[in-house]
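First the structure, in the form of structure tokens, and then the observations on it.
The values are calculated or read from the model by the stated rules, or taken from the named source; none is laboratory data. Because the structure is a prediction, the values reported are computed rather than measured. Here Cβ is always computed from backbone atoms with ideal geometry, including for glycine, and neighbour counts include all displayed protein chains. Note: accessible area is taken over every heavy atom of the protein model, side chains too, but ligands, DNA and RNA are not part of it. Shrake-Rupley method; radii C 1.70, N 1.55, O 1.52, S 1.80 Å.
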Amino acid sequence: MSREQLVAMARRNMEYADAGTVEQEPDVYKVAAANYYDPERFEAEKRQIFRRMPLVLAPSAELPQPGDYKAMEAVGMPVLLTRGQDGTVRAFINSCSHRGTAVVVDGTGNRRKFVCPYHGWTFTQRGELVGIAAEDDFGAIDKAEYGLTPLPVQERAGLIWCILDPDSDLSFDAFLGGYDDMLAHFGLENWHLYSKRTIRGPNWKIAYDGYMDLYHLPVLHKNTIGASASNQALYYPWGPHQRVISPNRQQDMEDIPVEDWPSEVLMVGVWTIFPHISIASFRGGGRSIMLSQLFPGETVDESFTTQYYIMEEAPDAEQAKEAEAMFDLLEKVVEDEDYATGFLQQRALKSGGREFVLFGRNEGGGQRFHAWLDRLLETDDKDLNRLFSGVNE
Ligand SMILES: [Fe+2]
């Protein structure tokens with residue numbers, strides 16, 4: 001079914017390219033400038049969006065083997081992801097049940113057991129407490145009640161989604177609305193993580209707006225990746241998630257029926273995953289994607305983006321050089337062009353001289369993104385499942 005949807009999108013992209021037109025939203029849309037710098041709004045976004053929505057905390061390629069783990073901070077929450085000997089990914093709050101310190105230092109590695117560095121309590125890949133140092137002296141407790149606190153987690157389409165609220169009952173199915181079936185066409189579960197880097201950026205929404213925005217490509221990026229890029233965009237939403245693509249003739253595929261197009265061609269464009277991920281395809285040392293993962297920083301005017309460069313095939317030495325060059329370019333484009341411009345935007349908006357910013361009829365991606373944020377800030381926990389199921393029905 002999802003391949004048929006990809007083919008339908010490809011046909012539609014070609015029709016628009018032939019006609020030289022794009023779809024437009026009904027109106028130009030206004031977003032309050034304060035939404036980008038108001039500290040109260042920022043706290044509400046962290047609480048109502050980042051602490052309630054499933055977040056992509058890692059590509060599967062970051063912990064491919066049984067025993068692999070990743071410890072990280074996400075929106076102030078210390079998280080431990082483990083892949084058990086059974087291959088299943090689990091997620092926990094990375095906090096010892098004894099006195100609360102992080103059981104595992106942030107980073108990745110491979111372990112069967114996790115020993116807390118403070119007093120030596122030991123936990124399994126499943127989060128079970130199995131060892132208390134000097135247990136007789138400590139006193140009797142029921143170990144079964146003192147495992148690590150599990151977080152809701154799902155591994156789909158080669159991505160690991162986690163909800164930072166242990167009590168959440170939000171349905172991943174409702175939230176994703178079939179978008180994961182589309183993303184599965186990359187086959188990311190078998191790809192290789194080549195490298196990752198983290199970049200400091202402006203307010204997370206200023207940064208994220210850019211990933212849904214093709215309008216700026218031939219202007220801001222004229223000297224790097226945008227010289228011949230189209231500024232036209234077609235948006236395909238699944239609930240809050242959106243694919244962004246330029247109307248495309250796919251000239252080199254002209255003699256091949258669309259049904260036979262390889263997934264590399266059918267998957268072109270940018271796939272955003274609400275609220276904080278973008279996946280864009282590249283060729284640099286072979287077929288590859290850059291997955292950008294954004295998190296709000298400590299304050300409203302800072303964010304952090306981790307770029308994961310993920311390759312379909314593990315590169316040989318020559319391909320690794322090409323991959324490195326492409327990854328260097330992408331880092332430079334985002335840091336020196338997108339985020340440098342974003343910091344200037346942040347400064348100007350914060351000055352208070354502008355009441356609102358505009359998203360044009362050709363910028364539907366940003367329009368929908370900001371509308372979703374507003375909707376989520378107004379939605380109670382108990383209504384979340386209904387909100388998403390309603391959209392995707
Ligand atoms: Fe950009």
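Descriptive notes on the structure:
- For residue 190 and residue 354, a Förster radius of 56 Å and the Cβ-Cβ distance give a FRET efficiency of 0.75, rounded to the nearest 0.05.
- Compared with the direct C-alpha span, the chain from residue 106 to residue 371 gains 92.0 nm at full extension, assuming 0.36 nm per residue.
- Near residue 303, the amide H atoms lying under 5 Å from its own belong to 201, 297; only residues 5 or more places off or on other chains count, and H is placed 1.01 Å from N.
- Across the stretch 114-127, computed HN-Hα scalar couplings (Karplus, 6.51 cos²θ - 1.76 cosθ + 1.60, θ = phi - 60°) run 10, 9, 4, x, 7, 10, x, 5, 10, 10, 8, 4, 8, x Hz from first to last residue, x flagging Gly and Pro.
- Our note on the geometry: Cα centres of the stretch 318-355 and the stretch 1-20, 31 Å apart.
- Cα-based shape type of the stretch 168-265, given that a ≥ b ≥ c are square roots of the gyration tensor eigenvalues and the cut on a/c is 1.5: oblate
- Inter-centroid distance (Cα atoms) of the stretch 70-108 relative to the stretch 145-196, Å: 15 Å
- Distance in nm between pseudo-label sites at residue 3 and residue 19 (7 Å out along the Cβ direction from Cα): 2.8 nm
- Think of each Lys and Arg Cβ as +1 and each Asp and Glu Cβ as -1; about the Cα centre, that makes the dipole of the stretch 55-169 roughly 380 debye.
- Accessible area in the full protein assembly, largest first, 1.4 Å probe, for 386, 41: 386, 41
- The length gained by stretching the chain between residue 380 and residue 219 to full extension, at 0.36 nm per residue less their Cα-Cα distance, is 53.9 nm.
- The GNM of the chain, with springs linking C-alpha atoms under 10 angstrom apart, assigns the highest mean-square fluctuation among 244, 104, 258 to 258.
- Along its principal axes, the stretch 90-132 has C-alpha extents of 22, 19, 15 angstrom, given from the largest down.
- Calculated FRET value between residue 200 and residue 229, using beta carbons and R₀ = 25 Å, to 0.05: 0.50
- Residue 230 accessible area, assembled protein chains, probe 1.4 Å, Å²: 40 Å²
- At a probe radius of 1.4 angstrom, the accessible area of the chain per residue rounds to 45 square angstrom.
- Cα gyration tensor shape of the stretch 125-194, rounded if a/c is under 1.5, else prolate or oblate by comparing a/b with b/c: oblate
- The label-point distance for residue 168 and residue 314, in a model that sets each label 7 Å from Cα toward Cβ, rounds to 3.3 nm.
- Its Cα centre serving as origin, the stretch 302-393 has a Cβ charge dipole (Lys and Arg +1, Asp and Glu -1) of approximately 740 debye.
- Rounded to 0.05, the FRET efficiency of the residue 11 and residue 281 pair, given R0 = 22 Å and the Cβ-Cβ distance, is 0.70.
- Estimated translational diffusion coefficient (Stokes-Einstein, Kirkwood radius over Cα pairs, 10 °C, 1.306 mPa s) of the stretch 120-159: 133 µm² per second.
- Computed from phi, the 3J(HN,Hα) profile of the stretch 160-165 under the Karplus parametrisation 6.51, -1.76, 1.60 (θ = phi - 60°) reads 10, 9, 9, 9, 7, 10 Hz, with x in place of Gly and Pro.
- Using a simple spin-label model with pseudo-atoms 7 Å out from Cα toward Cβ, residue 73 and residue 335 lie 2.0 nm apart.
- Within the chain, helix-based [θ] at 222 nm, where runs of 4 or more DSSP H residues each add -39,500 (n - 2.57), nearest 500: -7500 deg cm²/dmol
- Other-chain or far-sequence residues with amide H under 5 Å of residue 159's (modelled H): 60
- Simple Cβ-charge dipole of the chain, Lys/Arg +1 and Asp/Glu -1, about Cα centre, in debye nearest 20: 540 debye
- Rounded, prolate or oblate (a/c below 1.5 giving rounded, otherwise prolate when a/b exceeds b/c) for the stretch 237-393 by Cα gyration tensor: oblate
- Note that the stretch 280-297 has calculated 3J(HN,Hα) couplings of 10, 8, 9, 10, x, x, x, 5, 8, 10, 10, 9, 9, 10, 9, 10, x, x Hz, one per residue in order, obtained from phi through the Karplus relation 6.51 cos²θ - 1.76 cosθ + 1.60 (θ = phi - 60°); glycine and proline are x.
- With the charge dipole of the chain set up from +1 on Lys and Arg Cβ and -1 on Asp and Glu Cβ about the Cα centre, the Cα lying farthest toward the positive end among the listed residues 69, 238, 88 is that of 69.
- Global dimensions of the chain from alpha-carbon coordinates: Rg and Dmax equal 22.1, 79 Å.
- P(r) histogram, all alpha-carbon pairs of the stretch 55-169 included - 5 Å bins from 0, percent: 2, 12, 24, 25, 18, 10, 5, 2, 1, 0
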